[in-house]
Amino acid sequence: QVQLVESGGGLVQAGGSLRLSCAASGSFFRNNAVAWFRQAPAKQREWVATITSGGNTNYADSVKGRFTISRDNAKNTVYLQMNSLKPEDTAVYYCKSTGVGVTFWGQGTQVTVSS
C-alpha cells in the first residue's frame with residue numbers, strides 16, 4: 001500500500017503563491033505519473049495538472065501559466081507551485097498516482113485564496 005501525503009496548503013491573498021507537496025511512501029512515484037486534482041465546495045473534483053515519470057507535464061487551461069508541477073524522485077515528492085492565485089482556486093487539493101491496476105490518493109490539503 002502506498003501512502004500519499006499532501007502538505008503546503010493554507011490561506012493566501014489573491015495574487016499570492018503557495019507550493020504544495022505530495023510525498024509518497026516508497027518509490028512508487030518514480031515509475032508512475034502523478035496528478036493534482038482539486039475540489040471546491042459543492043463542485044466536482046477536477047483535474048489540475050499531471051507529470052509523467054519522464055517529466056512531461058500537462059495543465060488544465062484554468063491554471064496554465066500560473067501553476068507548475070514538478071517532481072523530485074530522490075525525495076519521492078511531487079510539487080505544485082501555484083502563483084498568481086485567484087479566489088476561484090480555493091479548493092481542497094489532492095494528489096493521485098496511478099500504476100498498473102492501482103490508484104492511490106492523498107488525503108488532501110486545503111487552499112483558500114481571499115479576495
Margin query: Checking the condition in a strand (DSSP E or B) and exposed (fewer than 15 other Cβ atoms within 10 Å of the Cβ), which residue from Leu20, Leu11 passes?
Written below: Leu11
Item checked: Verdict on Gly55 being surrounded by fewer than 12 Cβ atoms within 10 Å (Cβ to Cβ) and either touching a residue at least 24 places away in the same chain (Cβ under 8 Å) or in contact with a helix residue (DSSP H, G or I) (Cβ under 6 Å, 6 or more places away or on another chain) (or both) -> no
Notebook entry, point to check: Yes or no: Ala24 within 15 Å of the chain's Cα centre (by Cα) and within 23 Å of Leu11 (Cα to Cα)?
Noted result: no
Check: Mind checking whether some residue in region 63-75 is under 12 Å from the mean Cα position of the chain (by Cα) and without any contact (Cβ under 8 Å) to a residue 12 or more places away in the chain?
Finding: no
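Only one of these is under 12 Å from the mean Cα position of the chain (by Cα) and of a type in the set (Asp, Glu): Glu88, Glu46. Name it. Walk me through it before giving the result.
On the way: Glu88 fails: under 12 Å from the mean Cα position of the chain (by Cα).
From the options Glu88, Glu46, the qualifying one is Glu46.
Every number here is computed from the coordinates shown, using simple stated rules; none is lab data. Since the model is a prediction, treat every value here as computed from it, not as a measurement. As a convention, Cβ positions derive from the backbone with ideal geometry for all residues, glycine included, and neighbour counts pool all protein chains shown.
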